[in-house]
Amino acid sequence: MIIAIVTLSMRVNDMIRKAVLPVAGMGTRVLPATKVLPKELLPVVDKPLIQYAVEEAAEAGITEIVLVTAKGKDLLVDHFDRSPELERQLEERGKTDLLDIARSTCPRGVTITAVRQPAPLGLGHAVWCARPVVGDQPFAVLLPDDLILGRPGALKQMVDQWADTRGHLVAVENVPLEHVSRYGILDVVEERGQVARARGMVEKPRPEDAPSTLSVIGRYILDPVVFDVLERRQKGQGGEIQLTDAIAATIARVGLAGLRFQGTRYDCGTKAGYVAAIIDQALSHPDTAAAVYAHIQALNIRRAA
């Protein structure tokens with residue numbers, strides 16, 4: 001009996017249960033929409049970007065989410081809190097379906113904690129700020145402005161794959177060579193199916209210096225050894241503390257693999273990516289699909305005339 005208990009305990013501790021969502025950025029690429037409203041609250045049809053990320057994390061088995069925020073971003077936390085006045089009005093008017101929606105922004109069984117990033121020192125520093133909550137265990141990182149739509153979600157696919165790869169696992173996809181300077185790029189050793197094992201990562205290389213075109217997208221499962229490097233606060237590309245550098249510095253200790261996820265990724269930190277996400281999601285949403293499809297057809301007719 002004692003052996004069985006110990007084995008169960010090890011399995012529970014080995015699972016990915018915590019996720020970090022760095023949401024302290026200013027969202028300057030989509031101003032003026034983000035002058036007051038955090039970019040993570042921009043809606044894609046009827047849900048804000050951050051809710052898509054939280055629901056993706058919950059589907060993957062995450063039970064504790066850490067929002068790394070900044071001054072002026074309290075609305076992000078408020079979105080997942082109860083709203084007694086709104087709920088009272090909906091209840092009095094008999095709008096039970098809307099009441100359920102208002103109460104379900106935070107998935108059942110998930111706890112959301114907020115910590116502050118005191119200064120904009122980079123993604124690596126934002127992740128390091130979550131260390132007191134994450135502790136000494138593997139954890140996930142999701143960047144909400146990288147919206148990935150798929151079934152199952154990208155993080156669920158990664159958690160399932162991580163059971164075999166362990167160490168650091170990142171979501172990847174190929175990008176045009178002229179775009180590699182926007183991403184962290186894997187230096188690939190071998191590829192087997194959807195998994196690419198790497199010996200290194202380069203942050204935003206010039207096209208002529210890129211070891212591949214396999215770019216890291218905003219989903220990570222990381223071994224806690226990255227915190228040891230991030231704590232040194234060494235600045236990298238752009239004078240910021242880069243998460244990519246911390247991952248690269250610890251590959252020899254825990255390894256690194258990239259997973260080619262199944263799904264569609266939208267860079268909602270750009271205007272074009274955000275609009276594309278809205279159109280595609282509207283075409284699959286039962287409340288909007290017919291009207292949006294009819295509108296697109298009408299546009300095509302007008303252009304052909």
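Only residues that are crowded, with 22+ Cβ neighbours inside 10 Å and within 14 Å of GLN242 (Cα to Cα) were counted across segment 184-215, and they come to 3. One residue alone among VAL68, VAL77, VAL54 is in a strand (DSSP E or B), in the same structural domain as MET158 (by TED's automatic domain parsing) and either modelled with pLDDT of 90 or more or buried (at least 19 other Cβ atoms within 10 Å of the Cβ) (or both), and that residue is VAL68. Within segment 49-100, the set of residues being of a type outside the set (Asp, Glu) and under 20 Å from LEU149 (Cα atoms) comprises LEU49, ILE50, GLN51, TYR52, ALA53, VAL54, ALA57, ALA58, ALA60, GLY61, ILE62, ILE65. Taken together, the criteria place PRO152 among residues that are surrounded by fewer than 17 Cβ atoms within 10 Å (Cβ to Cβ), assigned by TED's automatic domain parsing to the domain that holds GLU64 and either in contact with a Leu (Cβ under 9 Å, 6 or more places away or on another chain) or under 20 Å from ALA57 (Cβ atoms) (or both).
Residues that are modelled with pLDDT under 90, among the hydrophobic types (A, V, I, L, M, F, W, C), within 22 Å of GLN157 (Cα to Cα) and not in a loop (DSSP other than H, G, I, E, B) within segment 11-51 comprise just one, VAL12. Entry remark, segment 216-244: residues being surrounded by 21 or more Cβ atoms within 10 Å (Cβ to Cβ), out of contact with any strand residue (DSSP E or B) (no Cβ under 8 Å at 6 or more places or on another chain) and among the β-branched types (Val, Ile, Thr) number 1 in total.
Please verify whether GLU59 is touching a Lys or Arg at 6+ places or on another chain (Cβ under 7 Å), modelled with pLDDT of 95 or more, of a type in the set (D, E, K, R) and closer than 28 Å to ALA171 by Cβ, treating the condition exactly as stated. When the stated conditions are applied, GLU59 passes them.
Within segment 108-146, the set of residues being under 19 Å from GLY269 (Cα atoms), in a strand (DSSP E or B) and in contact with an Asp or Glu (Cβ under 8 Å, 6 or more places away or on another chain) comprises LEU142, ASP146. So is LEU142 touching a strand residue (DSSP E or B) at 6+ places or on another chain (Cβ under 8 Å) and either within 23 Å of ILE65 (Cβ to Cβ) or of a type outside the set (Lys, Arg) (or both) or not? The answer is yes for LEU142. Is it the case that some residue within segment 101-112 is surrounded by 22 or more Cβ atoms within 10 Å (Cβ to Cβ), closer than 29 Å to GLY273 by Cα and touching a residue at least 12 places away in the same chain (Cβ under 8 Å)? Looking through segment 101-112, none of the residues is surrounded by 22 or more Cβ atoms within 10 Å (Cβ to Cβ), closer than 29 Å to GLY273 by Cα and touching a residue at least 12 places away in the same chain (Cβ under 8 Å).
The values are calculated or read from the model by the stated rules, or taken from the named source; none is laboratory data. Everything numeric in this text was worked out from a predicted model, so none of it was measured. Every residue, glycine among them, receives a Cβ derived from its backbone with ideal geometry; neighbour counts consider all protein chains shown.
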